[in-house]
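> Would you mind keeping the following structure in view while I ask a few things?
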Amino acid sequence: MSEKPTPPWANEIPEGSFISYAPTYRVGEYFDRFHKTSYDGLTYYFFDPTEHGYEKGKKYPLLVFMHGYTNAMEGDVCINYTGAEFYSKDDYQKTLGGAYVLVPLANEYRGDDGKVHGSWNDSHIAQIHDLICDFMKNQAEPNGGISKKVIFGNSRGGTMSIKIPVRYPDFFDIAIPVGADAIVDDNNLEVFEKNNIGLFLAMGKRDEINSYEERIKPVLPRLEKLKKSFIFTPDWVYNGDHGIASINFGFEMGQHCITNAMHCNLMFDDGTPMEPRLPKGITGWLAEALKD
């Protein structure tokens, strides 16, 4: 009998399927490829491709990763939780032709009330924009500069990955929100449409926090018409071992944490894709999108 809590959806999984309680990849294997510094009171990590075999004097894309709620309190592990860690790997970098990776951290802390404070909210939008601009000027420009800019985000960070391009519509080329539905809030979708911002939306149909049926399904036709759009909404979220993901810390989040699948490039450990339309995974899609 498993010591893990049984998820509430266990009796709904397809016949022959099994439940997987943890990602199959190693966490922290590539942390030493990242530098740690700060700007305007925010700590951030970054990876520089010109320190890993890519020539200086050329422009490379910048990939910004926004973390989810409470993740900043995990320190270096937050690099992994955002999905950023493997983008420093040689094969990911090769697919993209080299890319800078940037991971800002919110000043999260647990207060006397037991609650987490300091997480991402609208007050951070301008601060994050300025941090990115400073990084581009002082880190990337001396090496050749930045070509295009992509913002990823998981959960609350996914909401930020939508809100920041909405506030600065001429700044980012592509947004990749994971486990977030904020694209349908206010006039966010209209801004993406008007400014031709590329979108890769990843959210499970059974997301425990966001309602696919109520929030995403009604606007699918518009989402699919966005420039360089790809809508990835699987029936079940899987880990690399082909098992359906369960992450239960008192609240089942297995289907919400689709970032684990994204982190391993939407590829199973045996090399088969989790999404048949993406035979080369998310990095293959991104490499093509960055060419336009």
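> Before we move on, is His129 under 26 Å from Asp181 (Cβ atoms), loosely packed, with under 15 Cβ neighbours inside 10 Å, over 15 Å from the mean Cα position of the chain (by Cα) and at pLDDT 95 or above?
So His129 fails the test.
> Moving on to the next point. Tell me whether region 208-226 contains one or more residues that are surrounded by fewer than 16 Cβ atoms within 10 Å (Cβ to Cβ) and small (Gly, Ala, Ser).
yes
> Please determine whether any residue of region 48-58 is surrounded by 13 or more Cβ atoms within 10 Å (Cβ to Cβ), at pLDDT 95 or above and touching a strand residue (DSSP E or B) at 6+ places or on another chain (Cβ under 6 Å).
Yes, region 48-58 contains a residue that is surrounded by 13 or more Cβ atoms within 10 Å (Cβ to Cβ), at pLDDT 95 or above and touching a strand residue (DSSP E or B) at 6+ places or on another chain (Cβ under 6 Å).
> A follow-up question, please. Which ones in region 254-292 are out of contact with any His (no Cβ under 7 Å at 6 or more places or on another chain), in a loop (DSSP other than H, G, I, E, B) and surrounded by fewer than 20 Cβ atoms within 10 Å (Cβ to Cβ)? Explain how you work it out, then say what you get.
Quick first cut of region 254-292, residues out of contact with any His (no Cβ under 7 Å at 6 or more places or on another chain) only: 254-267, 269-292.
After this cut, where a residue has to be in a loop (DSSP other than H, G, I, E, B) as well, the list is 254-258, 264-266, 269-272, 274-280, 292.
Passing the criteria: Asp269, Asp270, Gly271, Thr272, Glu275, Pro276, Arg277, Leu278, Pro279, Lys280, Asp292.
> For a quick check of your reading of the model, give me the residue pairs whose first member lies in region 25-47 and is part of a helix (DSSP H, G or I), whose second is among the hydrophobic types (A, V, I, L, M, F, W, C), with beta-carbon atoms closer than 7 Å and at least 6 apart or on different chains.
Cβ pairs passing all conditions: Phe31/Ile79; Arg33/Phe47.
> Determine whether Gly240 is in contact (Cβ under 8 Å) with a residue 60 or more places away in the chain and touching a Lys or Arg at 6+ places or on another chain (Cβ under 6 Å).
no
> Can you pull out every residue in region 130-157 that is farther than 30 Å from Asn210 by Cα, of a type in the set (A, V, I, L, M) and in a helix (DSSP H, G or I)?
Kept after step one, since they are farther than 30 Å from Asn210 by Cα, are these residues of region 130-157: 133-147.
Keeping just the survivors that are of a type in the set (A, V, I, L, M) gives 136, 140, 146.
Within region 130-157, Met136, Ala140 qualify.
> Which residue pairs have Cβ atoms closer than 8 Å, lie 6 or more positions apart in sequence or on different chains, and pair a first residue in region 182-205 that is farther than 16 Å from Lys225 by Cβ and assigned to a loop (DSSP other than H, G, I, E, B) with a second residue that is at pLDDT 95 or above and of a type in the set (Asp, Glu)?
Met203/Asp181; Gly204/Asp235; Lys205/Glu213; Lys205/Asp235
The values are calculated or read from the model by the stated rules, or taken from the named source; none is laboratory data. Just so it is clear, the model here is predicted, and its values are computed rather than measured. All Cβ positions, glycine included, derive from the backbone under ideal geometry; neighbour counts span all protein chains shown.
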